[in-house]
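Bear in mind these aren't lab numbers, they're just calculated from the coordinates by the rules spelled out. These figures come from a predicted structure and were not determined experimentally. Ideal geometry is used to build each Cβ from the backbone, glycine not excepted, and the neighbour counts take in all protein chains shown.
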Amino acid sequence: MHVQVEASIRLGAVPVLGCVPLDGPGFFYPPSILDRVWPGMPAHDEEMFGPAAVIVRAKDAAEALALANQHRYGLGASVWTRDLERGECFARGLECGLAFVNGVVRSDPRCPFGGVKASGYGRELGGFGLREFVNVKTVWVG
């Protein structure tokens, strides 16, 4: 993930918090925030798995939705708002497998989990997830 952060900073992204590996043994990365991220930067165009928040600025909700949906990945998204109805409407428009309003993307064994586009195929967990791991067979005798 740090390679993506460094490359994005070289392309103009602004480190706000963290963005530098922690000293010591192991591979530890601090919670990080990277601002002014745009399409064409690794922090935007690639999936980043780690404690990093990426801020992509948009002039309005329509541009934000278009920016989000042009992405080739679609695992999960968080929408943060005071207007829950507007947030739910926005979340329904996102092309992703999981969309949370005023909450972080997380796995819950009661709910199906999985992405769309280049972020995966099928679902795990919940009733839909259980069906992913079974083979249904039909035997018909005339």
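Please list, ordered by chain and number, the residues whose modelled amide H lies under 5 Å from the amide H of VAL116; skip anything fewer than 5 residues away on the same chain.
Here GLY74, LEU75, GLY97 satisfy the definition.
Could you grab the relative contact order for region 74-142? Cα pairs under 8 Å, six or more apart, rounded to a whole percent.
Dividing the mean separation by the residue count of region 74-142 yields 27 percent.
How many nm separate the modelled label positions at ALA62 and ARG86, each set 7 Å beyond the Cα in the direction of the Cβ?
If labels sit at ALA62 and ARG86, their model points lie 1.5 nm apart.
Write out the trypsin sites (Lys or Arg not before Pro) in region 22-112 meeting two conditions: DSSP loop, and at most 13 other Cβ atoms within 10 Å of their Cβ.
ARG57, LYS59, ARG72, ARG82, ARG106, ARG110
Dividing the alpha-carbon Rg of region 41-142 by 2.2 N^0.38 Å yields what?
Here the answer is 1.32, to two decimals.
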